[in-house]
1. Please go through segment 95-119 and pick out each residue that is open to solvent by 40 Å² or more (accessible area, probe 1.4 Å), within 18 Å of GLU42 (Cβ to Cβ) and either aliphatic (A, V, I, L, M) or in contact with a strand residue (DSSP E or B) (Cβ under 6 Å, 6 or more places away or on another chain) (or both).
2. Among the residues of segment 61-68, is any surrounded by 20 or more Cβ atoms within 10 Å (Cβ to Cβ) and within 18 Å of GLU125 (Cα to Cα)?
3. Which residues, counting only those in segment 127-184, are crowded, with 16+ Cβ neighbours inside 10 Å, part of a loop (DSSP other than H, G, I, E, B) and either among the aromatic types (Phe, Trp, Tyr) or free of Cβ contacts under 8 Å to residues at least 12 places away in the same chain (or both)?
4. Filter segment 43-72 for residues that are touching a Ser or Thr at 6+ places or on another chain (Cβ under 7 Å) and either free of Cβ contacts under 8 Å to residues at least 12 places away in the same chain or not β-branched (Val, Ile, Thr) (or both) and give the result.
5. For segment 27-82, list the strands (runs of 3 or more DSSP E) that sit wholly inside it and hold at least 3 residues that are more than 13 Å from ALA156 (Cα to Cα); which are they?
Amino acid sequence: MTDVAEQCLRLLLGVSLLLALSTAQANAPLAPGQPLPPLLIEDQGELLLENGRRHFQPWHSDSGLGQPQVIQYMAARISTSKLNEPLTDALQAAGFPPGQLRVTTILNLADAAWGTRGFVLGELESNKKKHPEAVLVADEAGAGLSHWQLAEKNSAIAVIAPDGAIALFHEGPLDKAGIDQVLTMIQGWIDTQ
């Protein structure tokens, strides 16, 4: 093969690879730098407690615009909730000022183990009593899983900048470097408010 033919072949392969990567990124619903695709959860929704009684209201993903957000979307399974414990523990330990960070946990009830729905809702209510500032959402139909194209029986973390852009998206547990990156981003946004 001549040098010119090899260069043409390399150029064609490079262009093909770039097109494939850009198409994959364009089809990814939760891509850093892009706005968070809007999601409305009406079937159940955000858990509220009034006079000791729980009720639900529709939840929309743009409800936290204007402040940093961490959105956890997870299957309603004990094994899945443990995936995010290192991150949630680090967020609590960081001691961010009240009202400066919105943490939203969305449980996909459609991905709960059979027969555990009542237990899951009871745990959600118990957590709301312990952490009244937390935004806890029950996704009865798994709307977020399909709309945001997430993996089943898993957990996803989306860190959202105050302007609504996705700063970080990760499925599965974050390692220490990822957790440190989340904390640094949030602190930077809080310092500039």
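The values are calculated or read from the model by the stated rules, or taken from the named source; none is laboratory data. Computed from a prediction, not measured in an experiment: that's the story for all the values here. In this analysis, Cβ positions are derived from the backbone assuming ideal geometry, glycine residues included, and neighbour counts consider all displayed protein chains. For accessibility, only protein heavy atoms count, side chains too; no ligands or nucleic acids. Shrake-Rupley method; radii C 1.70, N 1.55, O 1.52, S 1.80 Å.
1. Within segment 95-119, ALA110 is the sole residue that qualifies.
2. Initial filter on segment 61-68 (surrounded by 20 or more Cβ atoms within 10 Å (Cβ to Cβ)): 61, 64, 68.
If we keep only those that are within 18 Å of GLU125 (Cα to Cα) as well, we get none.
Within segment 61-68 (the criterion being surrounded by 20 or more Cβ atoms within 10 Å (Cβ to Cβ) and within 18 Å of GLU125 (Cα to Cα)), the answer is no, since none of the residues qualifies.
3. Residue satisfying the conditions is TRP148 alone.
4. GLY64, GLN69, GLN72
5. Working: elements: 40-50, 53-60, 69-75.
Per the criteria, 40-50, 53-60.
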